[in-house]
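Here the structure is laid out as structure tokens; the discussion comes afterwards.
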Amino acid sequence: MMNITRRIGDPKQMILRALLFLTFALAPVMASSVELTLPGSARQTEGQDLGIDSYALPIAPFDGSVIPSRIFEGFVTRQAWRVEGGGVTPLQMVQPLREELKTNGYTVLFECADRACGGFDFRFETDVIDAPKMYVDLDDYRFVSAIKGETDAPKAAISLFVSRSGSSAYIQIIQIAMDGSAGISVSKGSEMMASTTATGTPQAAGNDLATAAQLDITGHVALGDLIFKTGSSELGTGPFASLAQVASYLRVNSKREIALVGHTDAEGSLSGNIKLSKRRADSVRKRLIEAHGVPSAQVSAEGVGFLNPIASNLNEAGRNANRRVEAVLISTE
């Protein structure tokens, strides 16, 4: 499938295309697709199904004359998305997407940032959807290419191109599936929030920049690795990665403020749960101030009891998920 030079009218090429067409026609296309999750505020600006086509996947920076690429043939799709929300860098946007690809079996072949990619030349020598559907700041973009499967005969390939303009981020996703079961579907919302394990326990996002990205894009993030003693507001000894990330975010953004909001399950009275959730949020606030050096003016604590569940309280897994503390960005700068 690789390194095929397309020649119109070439009989071998026509046979290959026919076989590819039959592969997709007879297989349940995207039957076991991987889901790539975008922020909840993402809005699709372009979506193209090109059918059986070829795509030159960049695998190195612009070398002065061309962009070194691997050419694949298969089912090609091109998408562009706009994400509203200021203060998010292309790196903060691309990092959770890249990690999600790795988690789902993709191998990163190449990644680069603006000038290291080749700046202007890289941007205009590779496939980019036209503005205003996709915007690229030549001094501020990130690119990632990856494949799934064997290096010499992958089942799928994908490229991510991320940039921003003003208060909006732009994400381009080009993917090519070489069979009928290896594509990626795109959904919105869950990646920028805490995930939940099979037992219902909230988990913190999986990289150091995830907290900053979630706060800037969705305005809140669940601190999913916190542990409290049963029936108590006393925070465990830790260390807790989520608190280190929040502290780092507040140090970098010294004019921003957050509110720590405690949540409980639905067992017990509302008034009792509000008091417990407030005490837990206070405990987290105290830890940020005393152990991480966060200025007290940057963080407050509140409790809402069981009034904002993220899962059903009818089972233990849901109740576990509802017992949490979230950081909520309250700055308006």
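Some notes on this structure:
- Annotation for the stretch 117-158 versus the stretch 265-283: alpha-carbon center distance of 48 Å.
- The relative contact order of the stretch 46-151 comes to 31 percent, based on Cα pairs under 8 Å that sit 6 or more residues apart.
- Volume per residue of the convex hull around the Cα atoms, evaluated for the stretch 278-333, comes out as 101 Å³.
- Counted residue by residue at 0.36 nm each, then reduced by the alpha carbon distance between them, the extension gain from E84 to R43 reaches 13.9 nm.
- FRET efficiency for the pair K286 and A131, taken as 1/(1 + (r/R0)^6) with r the Cβ-Cβ distance and R0 = 51 Å, rounds to 0.60.
Readers should treat all values here as calculations from the given coordinates under stated rules, not as data from a laboratory. What you are looking at is a predicted structure, and each value in this text was computed from that prediction instead of being measured. So basically every Cβ, Gly included, is an ideal-geometry build from the backbone, and we count neighbours across all protein chains shown.
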